[in-house]
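What follows is a set of notes on a single structure, which appears directly below.
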Amino acid sequence: MGLDDKLAYADALALLERGADPNRAGTDGVTFGKMLTEHRAHFGRTLKGPPAGFDALWDWAEKHGIIQPAK
């Protein structure tokens, strides 16, 4: 999932809603929660707004306990 891929976050949300396992780590050991947190930090550092679909994916991850709610 690339930072600038406009469809990646919506695609990820669709897969999760269909039952994809958000706790499964990739071959590099990165989990969905870690990747999403790293992407959010990147958007904060660059002051670039996240692409469409990111906020909905972040909300889903919070509601399902994958990441801690934003403060």
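Bear in mind these aren't lab numbers, they're just calculated from the coordinates by the rules spelled out. Here the structure is a predicted model, which is why all the values come from computation and not from measurement. Note: ideal-geometry Cβ built from the backbone for every residue, glycine included; neighbour counts use all protein chains shown.
Taking a ≥ b ≥ c as the square roots of the Cα gyration tensor eigenvalues, the chain comes out rounded, since a/c falls below 1.5.
Each Lys and Arg Cβ is given +1 and each Asp and Glu Cβ -1; about its Cα centre, the chain then shows a dipole of about 220 debye.
Relative to the longest principal axis of the C-alpha atoms of the chain, give the angle of the C-alpha long axis of helix 32-46, reported between 0 and 90° and rounded to the nearest 10°. Between the helix axis and the principal axis of the chain, the angle is about 0 degrees. The C-alpha atoms of the chain define a longest principal axis, and helix 8-17 lies at about 30 degrees to it.
What's the extension gain from THR31 to GLU17 if we count 0.36 nm per residue and subtract their Cα-Cα distance?
Full-extension gain reported as 3.3 nm.
A helix-only calculation puts the chain at -15000 deg cm²/dmol for mean residue ellipticity at 222 nm, using -39500 (n - 2.57) for each DSSP H run of at least four residues, averaged over all residues. The residue list GLY19, LEU36, GLN68 was ranked by how far each Cα lies along the charge dipole of the chain toward its positive end, using unit charges on Cβ atoms, and GLN68 comes out on top. Protection proxy ranking for 15-23, 36-44, using the average of other Cβ atoms within 10 Å per residue and placing the highest first: 36-44, 15-23.
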